[in-house]
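Working notes for the structure below.
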Amino acid sequence: MSRTIQVPLTAARAAARPADRPRVRSLSLLALGLLLAFALLGPVLLGDPARQDLSRYLAAPTWDEPLGRDEFGRSVLTRLAHATRLSLVLAALSVLTALTLGATTGLLAAWRGGWVDSVLRGVSEAFVALPALLIVLLFAALATGGSMWTLYVGLALAQWVEYFRVIRARSALVLGTPAVEAARLLRLGPLHVVRRHVWPELRGTVLTLASLGMVTAILAMSTLGFVKVGLQPPRAELGLMVTEAFPHYDAAPWLVVAPVAILFLLTVGFLGLRRDEVRA
């Protein structure tokens, strides 16, 4: 969870033609669309993820249960649908909150300058001094019984500084252009300046930050669930599902493969949406 978001220029990416990028984004959107449909429709169609049938302990996959049953006889497919929905919703809320807070403070710092900029930069540097995962870990540890809202606040606070630093730097450049100076002289107002001048310059950067933020939030949640610090059983969560499946890997390897595959597809899907390199 680095404070500087930078997409490394790998050999494969360097060799890729620009014409391939729309195809990659299309495939990413398709994969994410299928996962979103699974997350939205699965919990409605498949029922309660906590329903147990101990007579089907570690039952192998069948046509009725394509992913089999876990150690409590619970449907792995049902739990996977609920876990995917939880990851997507909580990550989206965290990213939206971090984006709103970071964009607002970044634009304010670039627009006003002076002591406002100094104060906001000081606050951001205080957050930079702390590892992002440590912030999430502290909030998760403070949660009673694995509160989802406490985890959400921790994820949002861990990410907002990335949006603040990038948007402040980019906005300062745009606000110094002659076009913005002319708009100010004509008294067209901040809303006009942001809508016509600032947002078109920031749109690609913000979309890249948001897609990487989704990956960061999803992996952070699964990491905390894996070490049993975040959300607690019997809630269906991808990291928890991996942890619970490890003792039964020899007898039922599909229990581990299913949540790991979802995490992999989510990560690849959101990374495929990025548009450019972002440095702060």
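Mind listing just one residue for me: the one in segment 68-81 that is of a type outside the set (D, E, K, R) and surrounded by fewer than 21 Cβ atoms within 10 Å (Cβ to Cβ) and, of those, modelled with the highest pLDDT? Give the steps one after another, and end with the answer.
Keep residues of segment 68-81 that are of a type outside the set (D, E, K, R), which gives 68, 72-73, 75-78, 80-81.
Add one more test, that the residue is surrounded by fewer than 21 Cβ atoms within 10 Å (Cβ to Cβ), and what stays is 68, 72-73, 77.
Numbers: Gly68: 87, Phe72: 89, Gly73: 88, Leu77: 92.
The selected residue is Leu77.
For Pro43, which of the numbered conditions (1) in a helix (DSSP H, G or I); (2) under 20 Å from Phe264 (Cα atoms); (3) of a type outside the set (A, V, I, L, M) fails to hold?
In the conditions (1) in a helix (DSSP H, G or I); (2) under 20 Å from Phe264 (Cα atoms); (3) of a type outside the set (A, V, I, L, M), Pro43 misses (2) alone.
Determine, yes or no, whether Gly154 is among the small types (Gly, Ala, Ser) and open to solvent by less than 30 Å² (accessible area, probe 1.4 Å).
yes
Only one of (1) among the small types (Gly, Ala, Ser); (2) farther than 28 Å from Arg23 by Cα; (3) at pLDDT 85 or above is not met by Gly213, so which one is it?
Exception for Gly213: condition (2).
Name every residue in segment 237-261 that is of a type in the set (Gly, Ala, Ser), over 21 Å from the mean Cα position of the chain (by Cα) and assigned to a helix (DSSP H, G or I), in order of residue number.
Kept after step one, since they are of a type in the set (Gly, Ala, Ser), are these residues of segment 237-261: 239, 245, 251-252, 258, 261.
Then drop every residue that is not over 21 Å from the mean Cα position of the chain (by Cα), which leaves 245, 251-252.
Correct list: Ala245 only.
Can you tell me which residues in segment 175-204 are over 30 Å from Leu29 (Cβ atoms), open to solvent by 20 Å² or more (accessible area, probe 1.4 Å) and among the hydrophobic types (A, V, I, L, M, F, W, C)? Steps first, answer last, please.
First, pick out the residues of segment 175-204 that are over 30 Å from Leu29 (Cβ atoms): 175-193.
Subset that is open to solvent by 20 Å² or more (accessible area, probe 1.4 Å): 176-179, 181-182, 184-192.
Across segment 175-204, the qualifying residues are Ala179, Ala182, Leu185, Leu186, Leu188, Leu191.
Give the residues of segment 1-44 that are aliphatic (A, V, I, L, M) and modelled with pLDDT under 50, sorted by residue number. Give the derivation first.
Taking segment 1-44 as the starting set, the residues that turn out to be aliphatic (A, V, I, L, M) are 1, 5, 7, 9, 11-12, 14-16, 19, 24, 27, 29-32, 34-37, 39-41, 44.
Hits for segment 1-44 are Met1, Ile5, Val7, Leu9, Ala11, Ala12, Ala14, Ala15, Ala16.
Yes or no: segment 264-271 includes at least one residue that is open to solvent by less than 10 Å² (accessible area, probe 1.4 Å), touching a residue at least 40 places away in the same chain (Cβ under 8 Å), at negative phi and not acidic (Asp, Glu).
Residues of segment 264-271 that are open to solvent by less than 10 Å² (accessible area, probe 1.4 Å), as a first pass: 266, 269.
Filter again for touching a residue at least 40 places away in the same chain (Cβ under 8 Å), leaving 266, 269.
Of the ones still in play, those that are also at negative phi are 266, 269.
Those still in the list that are not acidic (Asp, Glu) too: 266, 269.
The answer is yes; a qualifying residue exists.
Looking at (1) over 29 Å from Leu263 (Cβ atoms); (2) open to solvent by 60 Å² or more (accessible area, probe 1.4 Å), which one does Leu207 not meet, given that it meets all the others?
Exception for Leu207: condition (1).
List every residue pair whose Cβ atoms sit under 9 Å apart, with the two residues 6 or more apart in sequence or on different chains, where the first one lies in segment 49-71 and is free of Cβ contacts under 8 Å to residues at least 12 places away in the same chain and the second, anywhere, is surrounded by 16 or more Cβ atoms within 10 Å (Cβ to Cβ) and part of a loop (DSSP other than H, G, I, E, B).
Thr62/Gly68
Working only within segment 252-263, note down all residues that are under 12 Å from Arg69 (Cα atoms) and in contact (Cβ under 8 Å) with a residue 40 or more places away in the chain.
Those that are under 12 Å from Arg69 (Cα atoms) and in contact (Cβ under 8 Å) with a residue 40 or more places away in the chain: Ala252, Trp254, Leu255, Ala258.
Return the residues of segment 64-90 that are over 19 Å from Leu231 (Cα atoms) and either in a helix (DSSP H, G or I) or among the hydroxyl-bearing types (Ser, Thr, Tyr) (or both); say none if nothing qualifies.
Selection gives Ser75, Leu77.
The values are calculated or read from the model by the stated rules, or taken from the named source; none is laboratory data. Everything numeric here is computed off the predicted structure, so don't read it as measured data. Methodologically, a virtual Cβ is constructed for each residue, glycine included, from the backbone with ideal geometry; neighbour enumeration extends over all protein chains shown. Surface areas here come from the heavy atoms of the whole protein model, side chains and all, with no ligands, DNA or RNA. Shrake-Rupley method; radii C 1.70, N 1.55, O 1.52, S 1.80 Å.
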